[in-house]
Structures are given as structure tokens and as C-alpha cells.
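Here's the structure, in C-alpha cells; my notes come after.
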Amino acid sequence: MSMVEFHDVQKYYGDFHALKDINLTVEAGETVVLIGPSGSGKSTLIRTINGLEPIQEGRLIVDGFDLADKKTDANKIRKNVGMVFQHFNLYANKTVIENIMLAPRIVLKRDEKENKELALSLLKKVGLESKANNYPRQLSGGQQQRIAIARSLAMSPKLILFDEPTSALDPEMIDDVLNVMKDIARDSSMGMIVVTHEMGFAREVGDRVIFMADGEILEDDTKEQFFDGE
Ligand code: ADP
Ligand code: ADP
């Protein structure tokens with residue numbers, strides 16, 4: 001079974017046709033980079049995958065669940081499909097470690113001691129062990145984004161969606177975030193779909209590059225096809 005399958009998907013915002021005849025399959029563990037001009041529908045496309053945006057026509061199957069079926073509970077999908085946003089979206093009134101421990105405790109009912117150990121190991125992985133008891137506002141943008149990624153990893157998802165994760169960061173912080181993302185890309189048990197302008201990331205760790213314009217997928221290439229065509 002593929003992780004994500006779009007079959008002739010149409011998405012409208014009112015009368016505006018935002019996604020046109022989308023056909024796309026993403027396999028488990030794949031790293032897919034989504035590029036295209038601003039307003040081409042990249043963010044809309046990845047937001048449909050975890051049910052943040054409904055689709056109006058076609059079939060969209062994620063992790064075996066049919067998102068076009070009104071009876072599908074998007075929370076079941078979000079358990080296995082994480083999302084990292086441009087603006088971090090951390091819980092401002094919770095400490096860093098609480099941000100990471102919250103969803104596993106509530107959704108997965110993970111044992112408290114095990115949950116804390118995993119959270120600390122993820123903080124170490126993203127290089128921010130010393131910030132466990134800080135609040136998000138006490139961290140730089142790049143640090144907050146690494147916490148947001150750790151929070152997503154804490155759910156042990158099959159797929160993580162990244163919506164321009166480095167676009168809001170100061171340039172000197174981008175590499176720290178990209179390095180954490182590259183580690184995830186190299187982990188074959190976890191897939192990722194990344195909307196980004198960072199072509200170095202695509203070149204280094206991407207499996208596929210998809211180019212969108214005006215709500216359509218115009219290219220769906222292997223990395224080799226994409227970069228050899230330059
Ligand atoms: P991208 O991520 O490629 O910049 P988006 O998916 O954010 O593109 O947006 C695609 C198009 O859909 C744009 O024209 C945008 O203005 C429009 N759009 C996005 N969200 C909404 C919304 N909630 N309501 C109406 N139009 C929207
Ligand atoms: P981002 O920088 O995160 O892509 P945007 O400015 O594209 O943010 O969109 C922010 C929010 O506004 C999103 O929830 C998006 O769906 C909504 N939005 C974007 N374009 C439109 C639009 N033309 N009409 C209504 N809502 C929109």
C-alpha cells in the first residue's frame with residue numbers, strides 16, 4: 001500500500017480552482033520536494049493530506065484512510081502524519097519538553113517515564129537538550145523550528161509534511177534546521193513531503209522533485225531527471 005494516493009483530486013476555495021486534476025502517489029519512506037511559484041497550490045496540496053483542507057472531487061487515500069469519505073476521522077491520519085509549519089506553531093505557554101510530550105501522552109497514552117526519555121533523546125537529536133525547561137519565546141526562530149520538528153518526531157509518524165520550514169528564519173539558522181531534516185530524510189522508515197525553496201536539500205536528500213504551477217502538477221521527476229535537465 002502506498003502512503004499517499006491522489007486520484008483526479010480537485011480542490012476549490014469557493015469558485016477558485018486551487019488544485020486541478022491532481023494525480024500523485026507517495027511511497028512509504030520517500031522524500032518528496034515540492035516546488036513552484038508562490039500561489040501555485042503547494043501549501044494547499046500538503047494541507048489536504050492531513051485533512052486540514054477538504055477536497056471537493058476525486059479520491060485521496062492517506063495511510064489507508066479515504067479522506068474524501070466524510071466518515072474518516074482526520075485525527076486517525078494525524079496520528080501517523082505530522083506537520084511542521086513555517087511559523088513553528090509551538091504552544092507558547094508550555095515549556096519545550098511539554099510541547100514535545102503533550103501529544104504522545106494524550107493521543108498515544110505513552111507511559112510518562114518513557115515519554116520523557118524519548119523527548120529528551122529527541123532534544124539531543126536536534127541539539128537542544130539544554131532548552132528543555134525554557135519557553136518557546138526564549139528561543140530563536142531556528143531553535144523553535146527544531147523543537148517543532150522534535151515534537152513531530154515524538155509521535156513516531158510514518159510521514160511528516162513540511163510547509164516552507166525555513167522561510168521565516170534568519171539565514172544563519174537555516175542550516176541547523178536543514179541538517180535535522182536531512183537526518184529524517186535519510187531515515188527510510190519515515191517519509192517526508194517538503195515545500196521549500198532550498199534546492200540544495202532536494203539535491204542532497206530528495207528522492208523526487210515535483211513542480212507545481214497554477215494548481216497543477218507540471219513535473220514529477222526523480223531527482224536525477226530533475227537536476228540533469230538543468
Ligand atoms: P503556495 O503554497 O504554492 O504559495 P497556496 O496553496 O498557499 O500556494 O495557495 C494557492 C492559491 O489558493 C493562492 O491563489 C491562494 O491565494 C489561494 N488560497 C489559499 N488558501 C486560501 C483560502 N483559505 N481561501 C481562499 N483562497 C485561498
Ligand atoms: P503562509 O505564509 O503560511 O503560506 P499565507 O499568507 O499563504 O501563509 O496564508 C495564511 C492563511 O491564509 C492560510 O490559512 C491560507 O489558507 C489563508 N489564505 C491564503 N490565501 C488566501 C486567500 N486568497 N483568501 C483567503 N484566505 C487565504
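Since every read-out is calculated from the coordinates, none of them should be taken as a lab result. In this text the structure is predicted, and so the values were computed from the model without any measurement. Note: ideal-geometry Cβ built from the backbone for every residue, glycine included; neighbour counts use all protein chains shown.
When the criteria are applied in full, Thr48 meets the requirement of being closer than 20 Å to Glu164 by Cβ, within 17 Å of the chain's Cα centre (by Cα) and within 15 Å of ligand 1 (Cβ to nearest atom). Of all residues in region 38-56, those that are farther than 19 Å from Asp73 by Cβ have Cβ atoms under 8 Å from Cβ atoms of residues that are among the β-branched types (Val, Ile, Thr) and near ligand 1 (Cβ under 7 Å from one of its atoms), 6 or more apart or on another chain, in Lys42/Val195; Ser43/Val195; Ile46/Val195. Inside region 54-64, residues that are surrounded by fewer than 17 Cβ atoms within 10 Å (Cβ to Cβ) and not small (Gly, Ala, Ser) make up a count of 4. Taking (1) surrounded by fewer than 20 Cβ atoms within 10 Å (Cβ to Cβ); (2) more than 16 Å from ligand 1 (Cβ to nearest atom); (3) closer than 20 Å to Gly200 by Cβ in turn, Lys158 satisfies each apart from (3). Please go through region 1-31 and pick out each residue that is closer than 16 Å to Gly58 by Cα and within 16 Å of ligand 2 (Cβ to nearest atom). Residues satisfying the conditions are Lys11, Tyr12, Tyr13, His17, Ala18, Leu19.
In the condition set (1) out of contact with any His (no Cβ under 9 Å at 6 or more places or on another chain); (2) within 13 Å of ligand 1 (Cβ to nearest atom), Ile22 is compliant with all but (1). Kindly check whether there is at least one residue in region 177-189 that is buried (at least 20 other Cβ atoms within 10 Å of the Cβ) and more than 22 Å from Glu30 (Cα to Cα). No; the residues of region 177-189 include none that is buried (at least 20 other Cβ atoms within 10 Å of the Cβ) and more than 22 Å from Glu30 (Cα to Cα). One residue alone among Met83, Met101 is more than 13 Å from ligand 2 (Cβ to nearest atom) and over 15 Å from Gly215 (Cα atoms), and that residue is Met101. Looking at Glu27, is it among the charged types (D, E, K, R), in contact with a Ser or Thr (Cβ under 7 Å, 6 or more places away or on another chain) and more than 15 Å from ligand 1 (Cβ to nearest atom)? So Glu27 fits the description; yes.
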